[in-house]
Structures are given as structure tokens and as C-alpha cells.
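The structure appears right after this line, and notes come after that.
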Amino acid sequence: MSKVLFVYAKGGPPLGYALSRVAARSAVHLLALSALPPTVAASADRLCASVLSPSEPERQDLVSLIVSRAQAVGADAVVTFSEYAVVAVAEACEKLGLAGAGSSCALARDKRMMRRTWQDQGISQPRFRPVATEQDLHDAAAALRFPLLLKAAWSAGSTAHRTIRRADEVPAAWERAREVMAESAQLGYAELHVADAGADFLVEEIVQGTASEWFDQEGWGDYVSVEGVVVDGDFRPVCLSGRMPTVEPFTERAGITPAALPHDAQRRIVALARDAVDALGLRNCGTHTEIKLGADGRMWVIETAARFGGAMTVPQIEEVFGLDLIGMLTDHLLGRPVSWPEAARTPQEADGAAGSLVVLAVDGEGEAWTDRRIWDFPTVREAVPVSAGSRLSVVAENSLPDGTLVPVYDPAAGANTMAALCLLSAADPETVIRDFRTLVDALPKVLPHGTTEAQS
């Protein structure tokens, strides 16, 4: 039987979901670089041939650790679905002679190198500058047009994003962004392979997006993601996911599959995503490419990842298009034939729609709740009306336990201050948007009142 070394770290699709899909294709040996979620620990023992949680000293040379573990278990493939481990796994696969993202994987991880590569290729993107010091940020602010967005080069989930509207905001933005990166590292949301990655930043101009010229329905955000895969260097687009508007500064609130876009618009977006992915020279991996939508058909590439989209993006694709991307990629890495889509699937080919909502303590306008509330999904399920035929559930692995005080939203910390992740299945994307807007409006009204002394 084939053997796969599954390198787990925080981020990516839920571990329980991903692990079950890989285990259906091969024997799995789990290398856990982060503590396993309590909801998954028992099933991991059942699904895996072995589970190893290395000590801190063993993790100092992560590539060597992955290589030695793969050799010890006789792995035929090595996989990870975490943003924080993709570079280490790619380098390990190169040393092992196994199929992987390839030697240029870091270009899809370090946003500074990514942007420079696209700049050299003339690919549409916001103007930017790499920054390593506060003085660098002052110099960049003088060269670029306000408003600006400061972001960590190795972050994920909109962590450490700071909007800068005037030059006098630079010092506070720099200080807070660095603080958040340090806090994220303590929570396990940090690059695992590159030393001092939390000190690397870039700043970019905030381009003006619009959703109304692209979508027929209100409630959509002004950017989409193209989900895909690279197979032996060939980019294969799978589908487009849409968003609700982000929460200040750019924290994602909800992702919806599929994005309800006309065929021509989808075709043009996929073409830009192809240019962006091709420029990075990836070999064998999932991809997740975010594209900002502007007026008069303008588009800008924001970033690409050498892994599948996080949260519930992959389960949503399986639900509405019947494509088990994790299983398919596992088969490909093991050398088995896989029937990848010939072109990106369209909304007309979808069987219904699915969306995931990040529960944050902000209302539909992005304003903070007026009082503290306690997360309690049974209350939400009973009190919030969704459309006929819609099904609302909670992703326990990505949610706080019921009875926990909902964190105060911190714009700099982004998704680090989420309380829960909810999943909705519905008849079409428009219904997902409508039900999510209902849910966002209802949460601060129906959740039980809490105090700062509540359980946390």
C-alpha cells in the first residue's frame, strides 16, 4: 500500500477533513508540527499508521526533519495544506526526489519575492515596496499614494494588516504590525521554516475595487479567488470563489462557492490567474489566487499561494462540484492518473452553493458590537432564520467551544480574533449571501450576553 507523510500545521482546510481524504488513498503517517485540534485527536489515531509530534529542538531544521521522517516511514509522497509549512515541504520533496511544489515555492510564500516576480513579468498588481524597518516604511509612504496597506510578507489570514492614510500614522502602524506578528507566532500562526520571517513586510497602494460592475446582486465583495492546481508545471483552474465585503482593514468575513459571475468575466479572471501562477514556476501543488476587481474591467492580482484555499474552500468545492481536490492531488503525487477539469467550472455547473462565515464581533457595517456576547451555536441555530432548504452548521475544529466569550475584534489581528466558523449549504450563491447577511445582523442580538469574566 502507498504511504503518505502528512505534515500538519495550523491553517488550511480543517485537519479532520483533509486527513480523511488522504487516508482514503493511502496509509498516512502524520507529522504534527502544531497541536492536534481536540475534535480530531481521536480520529487521527484511528486514521493514521503513526502520529509523531516532534520536540522543539527537532524542529530547528524542519526540512531535515521532514526528510528523515519520510525516509523512516517509506513515504511515497509528502503533503501539507498549511501555508506555514509549504516551503519546508517543497524543499524536502526536492531532496527526496518526490513530486512537490518545486524549488520556486518560496515565490508563492514571500509576498515580496512574489510581487517582484510579477513586476518583472508586467502582471497587473498594486504598486508596492518591501519594508524591513520603520524608516523603510516612511520612505515607501513618500513614494507611494495613500491610502496604503502594510502587510507581513509571510503572514496569512489578513494577520498584521494595517491601513495607513497619512504619513503621521506610519510609526503606530509599524509598531502594531510587528506586535501582531509576535502574538501570532505565540498562537502558532507563523512561518515554520524561515527564521525571523515575522520581521519582513511590504506596503502597497490600496487600489479602488468595485463589486457592482461585476456582480448582479448586492452583498458581494470586490475580489475573488481562483482555486486551482499545478500538475507537472501546468496550471489547471478548478473554479472561482467569491467573498462578502471584508472587515476593516481587509479581514475576510465569508467565502462563497461558486462566485456568481458571467462567463466572460470568469474567463478574463482565470486568464490573469494563469499568468500569475505561471510566472512563479510551480510544479505540483494546489493554488489559491486572489484577484481584486475594479471599474471598467480592471483587475489586480493580490497574491497566490502554493496550496489550496484555507478554511472551508476545499470542502465547499467538493460539495457543489463533486471534486475531492485533496484526494485528487494525493493521487497525483502518488503517480496515479487523475482527471482534472479541462476548464474552470462555472456557476451553471454547480449543484447548489456553499459558503463559510467567520464569526467576528462586528456588525454588517463593520462596526464593533456594542457589548460582549458569548458564543453558543445551538442558540444561533434555533434563533436565526435561514432560507428554506438552507442548512447551517458549525465547523467545530475552527470554532471556540460553546460558552466562550466572543473576542473583541482587533483589525490588526484579523482572523486571530474569530469566534467560530459557520458553514452554509444553499440552493444558489445568492441565497448564501442573503442568509449570511441575516446571520451577521442577528448574531449580536441573539447570542447570550457576556462579561469579561466569562469563560475563555
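Each reported figure results from applying straightforward, stated rules to the coordinates on display, with no laboratory input. In this text the structure is predicted, and so the values were computed from the model without any measurement. Cβ placement follows ideal geometry from the backbone for every residue including glycine, while neighbour counts extend to all protein chains displayed.
Between the amide H of PHE235 and any residue lying 5 or more places away or on another chain, no distance stays under 5 Å, with hydrogens modeled in the peptide plane.
Only aspartates and glutamates eight or more places from LYS445 in sequence, or on another chain, were considered; those with a Cα closer than 19 Å are ASP363, GLU365, GLU367, ASP371, ASP376, GLU382, ASP402, ASP435. Distance check, please: which entries in LYS10/LYS95; LYS10/LYS111; LYS151/LYS292 exceed 26 angstrom between their Cα atoms? In this structure, not one pair exceeds 26 Å between Cα atoms. Between GLU303 and GLU290, the built amide H atoms are under 5 Å apart, and every one of these is 5 or more places off in sequence or on another chain. Per-residue ellipticity at 222 nm computed for the chain from its helices equals -9500 deg cm²/dmol, with DSSP H segments shorter than 4 residues left out and the rest contributing -39,500 (n - 2.57).
For THR210, the amide hydrogen comes within under 5 Å of the amide hydrogens of LEU293, GLY294, ALA295, counting only partners 5 or more places away or on other chains and with H modelled in the peptide plane. Extension gain for ASP139 to ASP351 (0.36 nm times residue separation, less C-alpha to C-alpha distance): 71.3 nm.
For a quick protection proxy, order the peptides 332-344, 306-318 by their average other-Cβ count within 10 Å, most packed first. Provide the component values of the computation, followed by the final result.
On the way: 332-344: 14.4, 306-318: 24.8.
Final packing ranking: 306-318, 332-344.
Taken along its three principal axes, the alpha carbon spread of segment 127-205 comes to 33, 20, 18 Å, from the longest extent down to the shortest.
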